[in-house]
Amino acid sequence: MPQRAFTLIELLVVISIIALLVGLLLPALSRARIAGRRGVDLGNIRTMEIAHTMYVDDNKGWLVDVGLGHGGENEDPGAWIFTLERYYGSKLARRSPGDRSVHWPPEESGSGQHVPGTSRYRKTSYGINNYLTSKAPLKPWRQFTLIASPTRTVHFLLMTEVGEFAGADHPHVENWWIGNRDAVPVLAARHLKLHAFGGELGTWSAQSNYGFLDGHAESLPFSAVYDTDKRNQFNPEVAR
């Protein structure tokens, strides 16, 4: 009995169906990858917050300090990535999944490009809100007991992967506000990786992960942590 071959129309129908299924599947896979990276990153931040809680308990309520400056500033061995290492016990938490900065050293899968203005490489994906460090503007909030609302005060965050702040372990939040609300996320994006897990760079909808001083971590749009009309959760004085 002769075998019946597929007609051209049948082949085109099958190809169209496969293309449709692939078109439906790829966005779902992309969302799943982002969700997976977000979950791992939140786990990293929670681990760092646990380590920081242990540090605070050991140091009479004092918060850990920073020491990796931006631009050409020198490196301080007292930076939190060194201080907390004996508490969280692993260097892996320093790097966020999906961090593709070219400023990692070659031995850490980087391109070996120095951070602009320095002879240093990137050492961490994460930073600490500078209001809680010795780099605070005016009044530093260095002790846990001084923070009125730890659950609403941003602590750990994701640093930008490019530019002079790619090698820093803290932003300068006070430099974001210049009287123009629309400029805030644009300026903040020079310091932070605001769109690590969704949204658009330099917009209020940009989504990233944030650790809070009480130890919890959340994935939030930038508008939820820096609302110029309501409260700024970076500044302990108004994050109530």
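Just so it is clear, none of the values below were taken in a lab; they were calculated from the coordinates. The structure displayed is predicted, hence computed values, not measured ones. For neighbour counting, all protein chains shown are included, and Cβ atoms are generated from backbone atoms with ideal geometry for every residue, glycine included.
Values computed for the structure shown
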| read-out | value |
| --- | --- |
| Degrees separating the helix 8-58 axis from the principal Cα axis of the chain, which is the longest one | 20 degrees |
| Most mobile listed residue (E75, E108, E218) in the chain, GNM with C-alpha springs under 10 Å | E108 |
| Among I128, I15, I50, residue whose mean-square fluctuation peaks in a GNM of the chain (springs only between Cα atoms under 10 Å) | I15 |
| In Hz, Karplus ³J(HN,Hα) per residue of the range 183-189 (6.51, -1.76, 1.60; θ = phi - 60°; x = Gly, Pro) | 7, 4, x, 5, 5, 5, 5 |
| Top positive-direction residue, dipole computed over the chain with Cβ charges, set I81, I17, T151 | I17 |
| Among [x] 0.94; [y] 1.14; [z] 1.03, the entry that matches Rg/Rh (Cα atoms, Kirkwood Rh) as calculated here | [y] |
| Normalised contact order of the chain, rounded percent, pairs of Cα under 8 Å and 6 or more residues apart | 19 percent |
| Theoretical gain in end-to-end length, I178 to D76 [0.36 nm per residue, Cα-Cα removed] | 33.8 nm |
| Gain in span if fully extended, A148 to T7, counting 0.36 nm per residue against the direct Cα distance | 43.4 nm |
| Top of G179, G198, G89 by mean-square fluctuation, Gaussian network on the chain, Cα under 10 Å | G179 |
